[in-house]
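The values are calculated or read from the model by the stated rules, or taken from the named source; none is laboratory data. Note that the structure is a prediction, hence the values are computed from the model and not measured. All Cβ positions, glycine included, derive from the backbone under ideal geometry; neighbour counts span all protein chains shown. Accessible surface is based on the protein model in full, side chains and every heavy atom, while ligands, DNA and RNA are left aside. Shrake-Rupley method; radii C 1.70, N 1.55, O 1.52, S 1.80 Å.
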Amino acid sequence: MRTCDAAVEVLRETRNPAVMWGDEGLCHLIAERAGLHSVSRAWKTSDAVLRNLSRRHDGLIAGHTSLMNGRTVRCFWLPEHAPERYRRG
């Protein structure tokens with residue numbers, strides 16, 4: 001299964017509006033659903049999921065969001081939850 005398809009399924013099942021850097025639990029659920037092999041370190045699995053979503057994010061809307069510490073990270077929303085500025089008209 002493609003990572004983007006797995007991400008849409010997992011986000012809907014868990015009722016999460018998006019996945020982004022730092023969402024380790026969600027990233028691992030997506031990796032498991034997509035059949036991605038876990039790598040030696042947990043963050044490597046999350047990086048693999050987010051890297052795949054950056055390449056192909058069908059069914060999701062890609063953008064950026066700011067964390068509480070001011071850091072900007074890549075984020076992938078379900079279309080109905082994406083900020084207006086990222087929605088395609």
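Structural remarks
- When residues of the stretch 62-81 are limited to those that are touching a Lys or Arg at 6+ places or on another chain (Cβ under 8 Å) and open to solvent by 40 Å² or more (accessible area, probe 1.4 Å), the one nearest to C4 (Cα to Cα): P79
- Subset of the stretch 37-50 [touching a Ser or Thr at 6+ places or on another chain (Cβ under 7 Å), in a loop (DSSP other than H, G, I, E, B) and either closer than 16 Å to M20 by Cα or not β-branched (V, I, T) (or both)]: S38
- All positions within the stretch 16-59 that are under 20 Å from A82 (Cα atoms) and among the basic types (K, R): R51, R55, R56
- Test for T14: is it of a type in the set (S, T, N, Q), free of Cβ contacts under 8 Å to residues at least 60 places away in the same chain, surrounded by fewer than 20 Cβ atoms within 10 Å (Cβ to Cβ) and more than 22 Å from G70 (Cβ to Cβ): yes
- Filtered residues of the stretch 32-50 (kept if polar (S, T, N, Q) and open to solvent by less than 20 Å² (accessible area, probe 1.4 Å)): T45, S46
- Single residue of V39, V49, V8 found to be at pLDDT below 90 and β-branched (V, I, T): V39
- Number of the exception - G59 against (1) touching a residue at least 40 places away in the same chain (Cβ under 8 Å); (2) surrounded by fewer than 18 Cβ atoms within 10 Å (Cβ to Cβ); (3) in a helix (DSSP H, G or I): (3)
- You will find that of G25, G35, the residue that is small (G, A, S) and at positive phi is G35 and no other.
- Condition met for E24 (open to solvent by 60 Å² or more (accessible area, probe 1.4 Å) and either over 11 Å from the mean Cα position of the chain (by Cα) or of a type in the set (K, R) (or both)): no
- From the list L53, L29, the lone residue that is touching a helix residue (DSSP H, G or I) at 6+ places or on another chain (Cβ under 7 Å), open to solvent by 80 Å² or more (accessible area, probe 1.4 Å) and assigned to a helix (DSSP H, G or I) is L29.
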